[in-house]
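The structure appears right after this line, and notes come after that.
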Amino acid sequence: MNEMEDKTEEKKIISIEDRIPKLKEERKKKTNRRLIFYLTIFIILIACVVYLQSPYSKVNKVVVNGNNVVSVEDVQQLSNIDNETNIWMLQKRKTMNNISEHPLIDTVKMKRVLPQTVELTVTEHEIIGYTMEKGKYYPILIDGSVLKDFPMEYRGDRPFILNFDEQAYMEMIATQLSELPEHVLKLISEVSWEPTKNNKNKILLYMNDGFVVDATLRDFSEKMKNYPSIIAQLDPKEKGIVHMGVGIYFEKFKKK
């Protein structure tokens, strides 16, 4: 029994001696892995610091989408983003609020496009017409508001809205015009409010094709949608007034 115990003891000692080099090697590998991990983290941190201080982290392009009336330059200027702005330190909410202060801009979306681009998508308020004062043109929005602080060039795509001295009637005509199809709206050169004692809703429309429309505000948009089909039945050489009141009829201009 003693002899067998001695042999068993001897085997254990030999086994442990065999494992010591392996244990040392595993410890060395663990130490090396840990060192590599910390070195990698250190290198990444250094690279991040270098990158953030380099020109490659700065914005080099601001793209503006969705604008029609407001210029790209105006949107870019309102954003306060330039070539010194770090693309990772954009003040998104502040930037969008700044752009939204423009009277013609309704909504703004902002997107970071790597590596160095910022994309701004704007939605503008719809211009339904223009008014003129002292040689300057001012846009009128679909809610009837006149942007007196925003003079602009006349674009020719919307009618002049004249003589609407009362805001309630300005809002009415803006609403009516906004309900017209685009192809009909573009046919109108001017809309003038011509109230009478018996009819405060009376308006006159001067058309780009040389006709005049005598209408009323209340049902103007519904009747005006039929304008192209009405004109198609008339002799284009004979200009006159298309009455759109209780009934619809044509009256030639009287010769002087």
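Yes or no, residue by residue, for (1) over 16 Å from Gly129 (Cα atoms); (2) in contact with a strand residue (DSSP E or B) (Cβ under 8 Å, 6 or more places away or on another chain); (3) in the same structural domain as Leu104 (by TED's automatic domain parsing):
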| residue | (1), (2), (3) |
| --- | --- |
| Lys148 | no, yes, no |
| Gly156 | no, no, no |
| Ile161 | no, yes, no |
| Val184 | no, no, no |
| Lys225 | yes, no, no |
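Of all residues being under 21 Å from the mean Cα position of the chain (by Cα) and assigned to a loop (DSSP other than H, G, I, E, B) in region 117-141, which is nearest to Leu177 (Cα to Cα)? Just the residue, please.
Residue satisfying both the conditions and the ranking: Glu126.
Out of everything in region 27-70 that is among the aromatic types (Phe, Trp, Tyr) and without any contact (Cβ under 8 Å) to a residue 60 or more places away in the chain, what residue ends up being nearest to Thr95 (Cα to Cα)?
Only one residue fits best here, namely Tyr51.
Looking only at region 89-112, which residues are surrounded by fewer than 12 Cβ atoms within 10 Å (Cβ to Cβ) and of a type in the set (A, V, I, L, M, F, W, C)?
Within region 89-112, just Met89 meets the criteria.
From Asp82, Asp143, Asp106, which residue is within 30 Å of Leu205 (Cα to Cα) and not assigned by TED's automatic domain parsing to the domain that holds Glu190? It would help to see each step written out before you state the result.
Details: Asp82 fails: within 30 Å of Leu205 (Cα to Cα); Asp143 fails: not assigned by TED's automatic domain parsing to the domain that holds Glu190.
The match here is Asp106.
Given the criterion free of Cβ contacts under 8 Å to residues at least 40 places away in the same chain and among the aliphatic types (A, V, I, L, M), identify the matching residue among Leu162, Leu180.
Of Leu162, Leu180, the one residue that is free of Cβ contacts under 8 Å to residues at least 40 places away in the same chain and among the aliphatic types (A, V, I, L, M) is Leu162.
The values are calculated or read from the model by the stated rules, or taken from the named source; none is laboratory data. Just so it is clear, the structure is predicted and the values come from calculations on it, not from any experiment. Glycine gets a Cβ as well: all are built from the backbone with ideal geometry, and neighbour counts include every protein chain shown.
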